[in-house]
Amino acid sequence: QVQLVESGGGLVQPGGPLGPPCEAPGLFFASNPLAWYRQAPGKQRELVATISSGGSTNYPDSVKGRFTISRDNAKNTVYLQMNSLRPEDTAVYYCNSAAPRFWISWGQGTQVTVSS
C-alpha cells in the first residue's frame, strides 16, 4: 500500500520555526506535483503550499512569505519550512498530491502546535 509519512511536528513558540518532512513512495513522488495541507480542529482541510515536479511553488496569502515548500527528489521527500509561526497555524499537517484527483491515502499527519 502506498504510504505517506509526515514527521517533525511539535510544540513551538509564536515566531518560531519548524520544518517537517514528508516521505512519499518513489513512483508517486516522481509523477506528481506535491502539496502540504493542514487541518485545524473543527475546520476543513486547507492547502498551504504546492510544488511542481519542476520546482515551481505556490502559496495562499495566509502563509506567503512565511512558509517555503521544497522537494528532494533523491530522497523522495518534500519539506515545509515554516517561519514566523502564529497560533492560528496550529493544525495537523499532511502532504499529498497537489491534484485532488491523484490523492492517495492520507498519512497520519504531524501535529504542529504554536503556543507560548
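The values are calculated or read from the model by the stated rules, or taken from the named source; none is laboratory data. This structure is a prediction, so every number in the text was calculated from the model and none was measured. No Cβ is skipped: glycine too gets one built from the backbone with ideal geometry, and neighbour counts run over all protein chains shown. We work out accessible area using only protein heavy atoms, side chains counted, and drop any ligands, DNA or RNA first. Shrake-Rupley method; radii C 1.70, N 1.55, O 1.52, S 1.80 Å.
Report yes if G54 is modelled with pLDDT under 95, surrounded by fewer than 17 Cβ atoms within 10 Å (Cβ to Cβ), under 24 Å from R101 (Cβ atoms) and out of contact with any strand residue (DSSP E or B) (no Cβ under 7 Å at 6 or more places or on another chain), otherwise no.
So G54 passes the test.
Hey, can you tell me all the residues within the range 77-95 that are open to solvent by 50 Å² or more (accessible area, probe 1.4 Å) and under 11 Å from P21 (Cα atoms)?
Correct list: Y79, Q81.
For a quick check of your reading of the model, give me the residue pairs whose first member lies in the range 47-71 and is farther than 22 Å from S31 by Cβ, whose second is acidic (D, E) and surrounded by fewer than 16 Cβ atoms within 10 Å (Cβ to Cβ), with beta-carbon atoms closer than 8 Å and at least 6 apart or on different chains.
Within 8 Å, the pairs are P60/E46.
When you scan the range 61-76, do you find a residue that is touching a helix residue (DSSP H, G or I) at 6+ places or on another chain (Cβ under 6 Å) and part of a loop (DSSP other than H, G, I, E, B), even just one?
Checked the range 61-76: at least one residue is touching a helix residue (DSSP H, G or I) at 6+ places or on another chain (Cβ under 6 Å) and part of a loop (DSSP other than H, G, I, E, B).
Taking the range 101-112, which residues are surrounded by 21 or more Cβ atoms within 10 Å (Cβ to Cβ) and either more than 10 Å from the chain's Cα centre (by Cα) or part of a loop (DSSP other than H, G, I, E, B) (or both)?
Hits for the range 101-112 are G109, V112.
Suppose we filter A74, A98, A40 for residues that are among the small types (G, A, S), surrounded by 13 or more Cβ atoms within 10 Å (Cβ to Cβ) and without any contact (Cβ under 8 Å) to a residue 60 or more places away in the chain; which single one remains?
The match here is A40.
For residues that are within 11 Å of the chain's Cα centre (by Cα) and polar (S, T, N, Q), tally how many sit in the range 40-76.
Summing the residues that are within 11 Å of the chain's Cα centre (by Cα) and polar (S, T, N, Q) in the range 40-76 gives 3.
Looking at the range 83-100 only, could you name the residues that are in a strand (DSSP E or B) and either in contact with an Asp or Glu (Cβ under 7 Å, 6 or more places away or on another chain) or polar (S, T, N, Q) (or both)?
Of everything in the range 83-100, those that are in a strand (DSSP E or B) and either in contact with an Asp or Glu (Cβ under 7 Å, 6 or more places away or on another chain) or polar (S, T, N, Q) (or both) turn out to be Y93, Y94, C95, N96, S97.
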